[in-house]
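The values are calculated or read from the model by the stated rules, or taken from the named source; none is laboratory data. Being a predicted model, the structure only gives us computed values, none of them experimental. Heads up, the Cβs are rebuilt from the backbone with ideal geometry, glycines too, and the neighbour counts pull from every protein chain shown.
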């Protein structure tokens, strides 16, 4: 079905809910919800921004897809990911000895070469002896 523009109305009374369902999957965005897929959330954000207390600076402030409205920890996805550096880095080893234990960074791999050939590191020095510059 074609996507029609929103009607220009002053009031709505007693509307029945209707949602067009097709077989196309929703977008790949993990923050998509029924509210965003049906565009209902956009209208609610506009309503809250214009009439809420305390007032919002604009509808974007209530959007979990915009940096100003999303949670900074999970970026609007509802999940956070952390990295334990000690699980992928053996600080007692040098780059040449395999200090980076993550499989894609194995000695001789393309990713390992990016660091080893950068000239920024002494490839034979244990990582724990590096200092912050």
Among (1) surrounded by fewer than 14 Cβ atoms within 10 Å (Cβ to Cβ); (2) part of a loop (DSSP other than H, G, I, E, B); (3) over 29 Å from the mean Cα position of the chain (by Cα) - the single one residue 128 does not satisfy
(2)
Unmet requirement for residue 78, which otherwise passes all of (1) surrounded by 14 or more Cβ atoms within 10 Å (Cβ to Cβ); (2) assigned by TED's automatic domain parsing to the domain that holds residue 43:
(1)
For residue 95, state whether it is under 30 Å from residue 120 (Cα atoms), in a loop (DSSP other than H, G, I, E, B) and in contact (Cβ under 8 Å) with a residue 12 or more places away in the chain.
yes
Per the filter on the stretch 52-69, residues closer than 21 Å to residue 34 by Cα, free of Cβ contacts under 8 Å to residues at least 24 places away in the same chain and part of a loop (DSSP other than H, G, I, E, B) are 63, 66, 67, 69
Is there a residue being surrounded by fewer than 14 Cβ atoms within 10 Å (Cβ to Cβ) and in contact with a strand residue (DSSP E or B) (Cβ under 8 Å, 6 or more places away or on another chain) anywhere in the stretch 94-101?
yes
